[in-house]
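**Student:** Before I ask anything, here is the structure I am working with.
The values are calculated or read from the model by the stated rules, or taken from the named source; none is laboratory data. It should be emphasised that the depicted structure is a prediction, and the values quoted were computed from it without experimental measurement. Cβ atoms come from the backbone with ideal geometry, glycine included; neighbour counts cover every protein chain shown.
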Amino acid sequence: MGTRTSACARRLASSLLLLLVVCSLGDHGARAAAAVPQRVAESLQAAEQAYAQERYSAALAAYREVLASGWSSASLYYNLGCAAQRAGRLGWAVAYLEEARRRAPRDPDIRHNLRIVSGQVRDRRPPGDASWVLEALAALLDAYAPADALRSTLAAFWLAALLLAVHWLLGPRARRITRRVLAPALGLLLISLIGLALKAYQVESAPAGVVVADEVEVRAGPRNEETVQFVVHAGTLLDVGRSTENWREVWLGEEMRGWVPESAVTEFSAPCWRP
Amino acid sequence: MHRLRMMRGGRGSCRLRRACRSAAGPARLVIGLAIATLGILAAPGSSWADDPRIDLRLDRRQVPARGRVEMSVTLEGFSRRASKPEIPPVDGLSFHELGRSSNISWVNGRLSTSTTYTYAITTHRAGSYTIGPVQVEDGGTLYRSEPLELGVTAAGSGTAPGPPRGTSVPPRQEVGRGEPGGIFARILVEPREAFVDQQVTLRFRLYQREDVQLIDISEFVPPTAEGFWRESLGEQRDFRVELEGERYHVREIAWALFPTRAGELTIGPGRVTCYLAAPRRERRRFFSDFFDRGLLDRQAVPLDTEPQTILVRALSEEGRPEGFSGSVGRYAIETRLDVAEARQGEPFTLSVTIRGNGHIQTIGEPVWPAWEGLRVFDSGEAVSVSQAQDRVAGEKTFTRVLIANRAGTIELDPVRFVFFDPLAKRYRTITGEPLSIAVKTALGVGGEAGPSGIVSVGDDILYIHSGIGADLQPVRQRGLSAAVAVHGAPLLLLAAAAWVRRRRRALERNPQWSRRTRALSGARQALARLAGGAEAPRTAAVLAEILEAYLSAWLGRAIRGSRRSELRGMLREAEIPEAETDEILGLLDWAEEVRFGAGGDPAEAPRRAAAMGDLLRRLEAAFRRSPLGSGV
């Protein structure tokens, strides 16, 4: 009886594994099959040539064409940030490099260049009063993209589910072994879920936009006649909210809120959670 | 917009006169009586006005050391028993009382009394001083003023003391002549020749001989100044002069003009209309003398000034230094770093302040050297303008954010500033102090020096990534792909495992139920293992074993060895139809006969084996319908 049950479980597990492999291969195959169009490749080549010849505005324009064609990657945003910085567009440099960092947070080139351009931003956000524990946690979360966090959680989920299934399917003797590894696996899954939740919170609470104009007056309302509340400069990260005709609501912290012309800020794209 | 006004302190009386003038003939008498009565009642120190208030004022807030500044302490609403102001001593300042004046006025229907004490303050050394609060005791209550701040600069570096604005000064001799009528206006321009953007001071003066009764001033049109940038030089100034032995009260408003083009430029004319007292022709009444000024008619006198022409010269092209940005005046330069020490890659600020007399608003950029090892970012400029001694003064600060590319001590070549000095009539170049800054290695670059002794000397953005086409991915649509959906598979696996586990537990709890559940599958597997070409005795034995095992599993007892009648009874009890019972018994009998050679047709073996499957199916259905099959 036990033999027959184990054989059934093995068949089931094998089928699921096969399904997973097929689907994964299919997805990766689909990605690999999505070849870059010729015009995008030409734009990339033109951008690299322009950058090498120190025609940074032309390089920036060419990279933007690639982005507008519906293609993106952390490296593309990195190159956009470099070109923008060299072209004197500090706000856009911060915007692109921050986008790149959010996609590939552990890339050393991206982190380096982002540190350089952030140092050139005039406005300084007031330092938070968080404890070193929270700061360390934030730094740890910063090292992982949303997709990384989801991938880790899914791996922990697979491991825990397989171990639990095996634990249920195997006989009592084998259960003694699985019981020992099942508890750490479930603990790992719990930690991964907590990490995923914290990452989601961090992503939601991160500044959603950046000032791209050299200097912009933040007004009390969406009209030029409104009182100027404060002034921000290129590269300042801020939160963005409602949008009216040609105006965007922005805020820095709890008290500094107002409206700026829509062209003065750019909003980061939605976080990519897909593993 | 400037507006010439009457002398300080006369505003209340002016209102009084207006009140009198606005009343018709007989009513004036009544008003005069009432006011006279109130005035008499108010005389012994009435305090019907507002709450007591101490007003402390300085004629200037900035004065050089060993200079003098005038301070007034005005007590309003105090009784006559109020004490003199008590000024707390200040180390570095000396106070000398100059005098006291009282004023009683009628404001908005209420009587107001005020007493002003005037002090001269002598400054001894530079610093920032706080004067006051001044205390006054009245009726057992102590009143305090707000304190005042006085800045004292080093001797010679500040502004020289001059005639204070808004206060009277002793009469002075003035070159010129008076004009008929005892009241006239003039504009004074100084200098008459100037360079483009050099300050030209324009003064509009209204002269009033002391015996002329001026009631009101209106319709003041300041002198025009086309071709000039105009800046005000402060509020109206009142003083007295002597012209041809006669004393005049002078009201003056001044502007700083900055020519914007070369050539002969005209300033003015200006105009002001004064209202003078004119005697009434009708017979004077009893109170007419008492309210003499109020009951006089007034006469409008328009006063025009002559336009003035000045010659404006262009700045010389000859000898113009490189870096001249159009600034005209007399300036000094000051450079300052906000930190003495910085870290590589982190910003710090350099401030360059151009300070002096001239057209501050148009001060141009200084000459910025090309500093090696530093990246420079424009961080804006700030302007502060003030007026002193009828000169526009102030400062303009240029700020640059610097980021060091390398560690070590970086020497900054001094910033230069080129301007045209109109008094010396030549270009001048001034240079700021040379600066240096110690730059530490950037954080994360290995500290002061890496383990191998390599020191980072530059910090700039890294080069672009090349060949990124392979990394590009189409911007995805929202939603889950098949690859993401497959991550739900563990849930299916868990569900299956849970089902298996549950079934296994159920089987373990009820062995009989377990045997019945698996009886048919076991029988079919055994039947499938029976080789088709087996001998008849062997086939008969296997078929009998299969059937007995199947029936044992369902009936819960061993079949082998039981009598046929007992088996029939058990099958009947299990509600197995008679046809299937007969078939079972027939098969068992045939198998025994074939096995033991007691008869039976061996040729039937294949047919019996083929029919066995159908028999098992029908038996399974019969057992499941029977009481034994509940729960299976």
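**Student:** Is it the case that segment A:122-130 has a residue that's under 29 Å from A:A93 (Cβ atoms), surrounded by 12 or more Cβ atoms within 10 Å (Cβ to Cβ) and at the interface with another protein chain (Cβ under 7 Å from one of its Cβ atoms)?
**Tutor:** Yes; the residues of segment A:122-130 include at least one that is under 29 Å from A:A93 (Cβ atoms), surrounded by 12 or more Cβ atoms within 10 Å (Cβ to Cβ) and at the interface with another protein chain (Cβ under 7 Å from one of its Cβ atoms).
**Student:** Just to confirm my filter: which helices (runs of 4 or more DSSP H) fall fully inside segment A:129-227 and include at least 2 residues that are out of contact with any Cys (no Cβ under 8 Å at 6 or more places or on another chain) and modelled with pLDDT of 90 or more? Walk me through how you get there before you give the answer.
**Tutor:** Values: elements: A:132-142, A:146-169, A:172-205.
Qualifying helices (runs of 4 or more DSSP H): A:146-169, A:172-205.
**Student:** Another question, if that's okay. So B:V392 fits all but one of (1) closer than 21 Å to B:E322 by Cβ; (2) hydrophobic (A, V, I, L, M, F, W, C); (3) out of contact with any Gly (no Cβ under 6 Å at 6 or more places or on another chain); what number is the exception?
**Tutor:** With respect to (1) closer than 21 Å to B:E322 by Cβ; (2) hydrophobic (A, V, I, L, M, F, W, C); (3) out of contact with any Gly (no Cβ under 6 Å at 6 or more places or on another chain), B:V392 is out only on (1).
**Student:** Inside segment A:230-275, counting only strands (runs of 3 or more DSSP E) that do not spill past its ends, which hold 2 or more residues that are surrounded by fewer than 15 Cβ atoms within 10 Å (Cβ to Cβ) and not assigned by TED's automatic domain parsing to the domain that holds A:Y144? It would help to see each step written out before you state the result.
**Tutor:** Details: elements: A:237-244, A:247-252, A:256-261, A:265-267.
Filter on segment A:230-275 gives A:237-244.
**Student:** Looking only at segment B:617-632, which residues are loosely packed, with under 15 Cβ neighbours inside 10 Å, part of a helix (DSSP H, G or I) and at pLDDT below 85?
**Tutor:** Residue satisfying the conditions is B:P627 alone.
**Student:** I'd like to verify a number: residues in segment B:183-212 that are under 16 Å from B:A277 (Cα atoms) and surrounded by fewer than 18 Cβ atoms within 10 Å (Cβ to Cβ), how many?
**Tutor:** 4
**Student:** Are any residues in segment B:357-366 buried (at least 22 other Cβ atoms within 10 Å of the Cβ) and small (G, A, S), and if so, which ones?
**Tutor:** B:G358
**Student:** A further question follows. Checking B:N357 against (1) in contact (Cβ under 8 Å) with a residue 60 or more places away in the chain; (2) assigned by TED's automatic domain parsing to the domain that holds B:R428; (3) within 23 Å of B:R400 (Cα to Cα): exactly one of these is not met. Which one?
**Tutor:** Only one criterion is unmet by B:N357, namely (3).
**Student:** Among the residues of segment B:402-423, is there at least one that is under 27 Å from the mean Cα position of the chain (by Cα) and either free of Cβ contacts under 8 Å to residues at least 12 places away in the same chain or not in a loop (DSSP other than H, G, I, E, B) (or both)?
**Tutor:** Of the residues in segment B:402-423, the ones under 27 Å from the mean Cα position of the chain (by Cα) are B:402-403.
When the remaining residues are screened for being either free of Cβ contacts under 8 Å to residues at least 12 places away in the same chain or not in a loop (DSSP other than H, G, I, E, B) (or both), the result is B:402-403.
Yes, segment B:402-423 contains a residue that is under 27 Å from the mean Cα position of the chain (by Cα) and either free of Cβ contacts under 8 Å to residues at least 12 places away in the same chain or not in a loop (DSSP other than H, G, I, E, B) (or both).
**Student:** Yes or no: segment A:170-186 includes at least one residue that is in contact with a Gly (Cβ under 9 Å, 6 or more places away or on another chain), surrounded by fewer than 17 Cβ atoms within 10 Å (Cβ to Cβ), within 14 Å of chain B (Cβ to nearest Cβ) and of a type outside the set (D, E, K, R).
**Tutor:** yes
**Student:** Quick check: anything in segment A:184-202 without any contact (Cβ under 8 Å) to a residue 12 or more places away in the chain, under 30 Å from A:F230 (Cβ atoms) and in contact with a strand residue (DSSP E or B) (Cβ under 7 Å, 6 or more places away or on another chain)?
**Tutor:** Among the residues of segment A:184-202, not one is without any contact (Cβ under 8 Å) to a residue 12 or more places away in the chain, under 30 Å from A:F230 (Cβ atoms) and in contact with a strand residue (DSSP E or B) (Cβ under 7 Å, 6 or more places away or on another chain), which makes the answer no.
**Student:** Taking B:R504 as meeting all but one of (1) more than 21 Å from B:E592 (Cβ to Cβ); (2) out of contact with any helix residue (DSSP H, G or I) (no Cβ under 7 Å at 6 or more places or on another chain), write down the number of the exception.
**Tutor:** It fails just one condition, (2).
**Student:** Quick test for you: out of B:S327, B:S384, pick the one residue that is under 30 Å from B:V69 (Cβ atoms) and among the hydroxyl-bearing types (S, T, Y). I'd like the intermediate steps shown before the answer.
**Tutor:** Working: B:S327 fails: under 30 Å from B:V69 (Cβ atoms).
Only one candidate passes the filter, namely B:S384.
**Student:** Output the number of residues of segment B:337-346 satisfying the condition of being without any contact (Cβ under 8 Å) to a residue 60 or more places away in the chain and more than 14 Å from every other protein chain (Cβ to nearest Cβ). First the steps, then the outcome.
**Tutor:** So in segment B:337-346, the residues without any contact (Cβ under 8 Å) to a residue 60 or more places away in the chain come out as B:338.
Remaining after also requiring more than 14 Å from every other protein chain (Cβ to nearest Cβ): none.
Total meeting the criteria: 0.
**Student:** Also, I was wondering about something else. For a quick check of your reading of the model, give me the residue pairs whose first member lies in segment B:368-384 and is at negative phi, whose second is among the aromatic types (F, W, Y) and assigned to a strand (DSSP E or B), with beta-carbon atoms closer than 7 Å and at least 6 apart or on different chains.
**Tutor:** B:E381/B:F398
**Student:** For segment A:85-99, what are the residues that are among the hydrophobic types (A, V, I, L, M, F, W, C), at the interface with chain B (Cβ under 10 Å from one of its Cβ atoms) and touching a residue at least 24 places away in the same chain (Cβ under 8 Å)? Even if it seems obvious, please write down each step before you answer.
**Tutor:** Going residue by residue through segment A:85-99, those that are among the hydrophobic types (A, V, I, L, M, F, W, C) are A:87, A:90, A:92-95, A:97.
With at the interface with chain B (Cβ under 10 Å from one of its Cβ atoms) added as a condition, the list becomes A:90, A:93, A:97.
Hits for segment A:85-99 are A:L90, A:A93.
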